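Report on the structure given below.
The values are calculated or read from the model by the stated rules, or taken from the named source; none is laboratory data. Every value quoted in this text rests on a predicted model; they were computed, and no experiment measured them. So basically every Cβ, Gly included, is an ideal-geometry build from the backbone, and we count neighbours across all protein chains shown. Each accessible area value is taken on the protein alone, full model and side chains, heavy atoms only, with ligands, DNA and RNA left out. Shrake-Rupley method; radii C 1.70, N 1.55, O 1.52, S 1.80 Å.
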Amino acid sequence: PFHLKRSRAWLSSLILPVSVMTSRLYISLLATCFCLLLGIDVAVDESLTTTTATTTPRMKYYNDVVKSLPPLTGKCVAITGTTSGIGYWAAVATARKGPACLLMLNRISSRAVAAEEEVKREAPAGVDVITIACDLENITSIHEAAAAVNRVAAKYGGLDVVALNGGIMSQPDVRTMDGFDVMMQTDHLGHFLLTKLLMPSLAAAASSRGECRIVEESSLARGSSHILEGGGPLKATYFPRSPAGSLGGNASAASRERYHQAQLAKLAFSMALHSKLKLARNYSNFKSVASAPGFSDTHLDLPKFLRPDWIKNLIGMSAADGSCSILTAMFAPSVKSGDFHEPRFLSEGLPMKVIAEGTPLPPALPRGLPGVGIHDAEICADETLAKVWEASEDALGLKWVIGVPSLVFV
């Protein structure tokens, strides 16, 4: 429960002019705040609903977005974290568009087996759907997965798209077997390493088919609003190996901050990679892009006050609809390196570009309103991009140099 004084202060920061009260995000948050202040019980559905391609989730946008995407004939696509949620529906859409090869990178489990079987049923004849064992909490597994992807992709002329979707949240202050915070390694460091290891396959596809894409999936938690699981600026202290319990402990606020740091790192990494690719020779056909799913009904935990069905129906989307932004980033022909797409109304809606070629666009409502806490200009700042790259290299004990800088004559 909130202390009354703190709750009133928090609620006052959300009071907006009537002219912008059409934002469904603000309406729902205000309604929830009033319920909490007045002691009204807000029912929470603790159950996890699993939807697959054989069921019928709530869809407003998915089918139309998938229909709008070009065919993927001859292409090879890899996606991490495809057993459920955003990654699963991205895999289903990819399979339906008829690539030569779809690689699903998951920890080996019955869920991974079931997901592969379901996705195969969605694919036209001739599409190879292959599971690659990949545990993002294990650096050795990441190396093995990258080697397997490179071997398979070589048969198809390279890797056209890698979608860095896999992730976890709401974890205690524990470490992976490699010694890193479990969310930072799973959500960011593992993907940073995987991308570096896949660069030869990406280069092969870029050379033979004109382009390749590295697609990073971030979230609303990249911002500063605690309502949206946000937190403070990027801090290098969250990246290196550290003792369990040393990054704030198991309190919810500390867990939220660790997740926020990982999500902030994901978008900053995408923009940093874009910046480096832009300056390097022979990388003009590489695209580093990003996306976020808004409030989507996936296996990840939402704050309790955002879990009631009436709130999710008001401001959220199904996992299928939530995958539309990453699908746009993966395949839409108009996407350029440095672009970032997320739902139009932040929590839900069709994909909208909010960062263009590394530069944040003027924020459309509800972005920029008090309490939302989206500061993409700070994420795209040179200082943040340099910090995420250096902190990732230092944590993993490696150096990643992108080509040779192009000479620019003025």
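State which residue pairs qualify: first residue over 10 Å from Ile402 (Cβ atoms) and among the charged types (D, E, K, R) and inside segment 258-286, second residue open to solvent by 40 Å² or more (accessible area, probe 1.4 Å) and outside any helix (DSSP H, G or I) in any location, beta carbons under 8 Å apart, and separation of 6 or more residues or different chains.
The qualifying pairs are Arg258/Gln171; Arg258/Gly248.
Considering only residues that are closer than 18 Å to Ala268 by Cα, at pLDDT 95 or above and among the hydrophobic types (A, V, I, L, M, F, W, C), which ones fall in segment 338-376?
Phe340, Val354, Ile355, Ala356, Leu361
Look through segment 317-368, keep the residues that are part of a strand (DSSP E or B) and in contact (Cβ under 8 Å) with a residue 24 or more places away in the chain, and return whichever of them is surrounded by the most Cβ atoms within 10 Å (Cβ to Cβ).
Taking segment 317-368 first, the residues part of a strand (DSSP E or B) are 317-318, 340-343, 351-356, 359-360.
Then drop every residue that is not in contact (Cβ under 8 Å) with a residue 24 or more places away in the chain, which leaves 317-318, 340-343, 351, 355.
Numbers: Met317: 27, Ser318: 23, Phe340: 29, His341: 24, Glu342: 31, Pro343: 27, Pro351: 24, Ile355: 23.
Here the answer is Glu342.
Here are some residues: Ser219, Ser201, Ser224. Which one is surrounded by fewer than 23 Cβ atoms within 10 Å (Cβ to Cβ) and out of contact with any strand residue (DSSP E or B) (no Cβ under 6 Å at 6 or more places or on another chain)? Break it down stepwise before answering.
Values: Ser219 fails: surrounded by fewer than 23 Cβ atoms within 10 Å (Cβ to Cβ); Ser201 fails: surrounded by fewer than 23 Cβ atoms within 10 Å (Cβ to Cβ).
From the options Ser219, Ser201, Ser224, the qualifying one is Ser224.
Taking the stated definitions as given, is Glu211 among the acidic types (Asp, Glu), open to solvent by 20 Å² or more (accessible area, probe 1.4 Å) and within 23 Å of Lys287 (Cβ to Cβ)?
Values: among the acidic types (Asp, Glu): yes; open to solvent by 20 Å² or more (accessible area, probe 1.4 Å): yes; within 23 Å of Lys287 (Cβ to Cβ): yes.
Yes, satisfied.
Quick one: would you say Met177 is assigned to a helix (DSSP H, G or I) and either over 15 Å from the mean Cα position of the chain (by Cα) or in contact (Cβ under 8 Å) with a residue 12 or more places away in the chain (or both)?
On the way: assigned to a helix (DSSP H, G or I): no; either over 15 Å from the mean Cα position of the chain (by Cα) or in contact (Cβ under 8 Å) with a residue 12 or more places away in the chain (or both): yes.
No: the conditions fail for Met177.
Is segment 167-176 home to any residue that is surrounded by 17 or more Cβ atoms within 10 Å (Cβ to Cβ), more than 30 Å from Lys67 (Cα to Cα) and modelled with pLDDT under 95?
Within segment 167-176, one or more residues are surrounded by 17 or more Cβ atoms within 10 Å (Cβ to Cβ), more than 30 Å from Lys67 (Cα to Cα) and modelled with pLDDT under 95.
One residue is enough: does segment 256-265 have a residue meeting the conditions touching a helix residue (DSSP H, G or I) at 6+ places or on another chain (Cβ under 8 Å) and under 22 Å from Leu327 (Cβ atoms)?
Yes, the conditions are met somewhere in segment 256-265.
Across segment 103-113, which residue is nearest to Leu136 (Cα to Cα) among those that are exposed (fewer than 14 other Cβ atoms within 10 Å of the Cβ) and touching a Ser or Thr at 6+ places or on another chain (Cβ under 8 Å)?
Among residues in segment 103-113 that are exposed (fewer than 14 other Cβ atoms within 10 Å of the Cβ) and touching a Ser or Thr at 6+ places or on another chain (Cβ under 8 Å), the one nearest to Leu136 (Cα to Cα) is Ile108.
Condition check: assigned to a loop (DSSP other than H, G, I, E, B) and open to solvent by less than 30 Å² (accessible area, probe 1.4 Å). Does Leu234 satisfy that? Spell out the reasoning first.
Numbers: assigned to a loop (DSSP other than H, G, I, E, B): yes; open to solvent by less than 30 Å² (accessible area, probe 1.4 Å): yes.
Yes.
Can you find, within segment 124-165, the residue that is least open to solvent (accessible area, probe 1.4 Å) among those that are of a type in the set (Gly, Ala, Ser), closer than 16 Å to Thr94 by Cα and in a loop (DSSP other than H, G, I, E, B)?
Out of the qualifying residues, it is Gly126.
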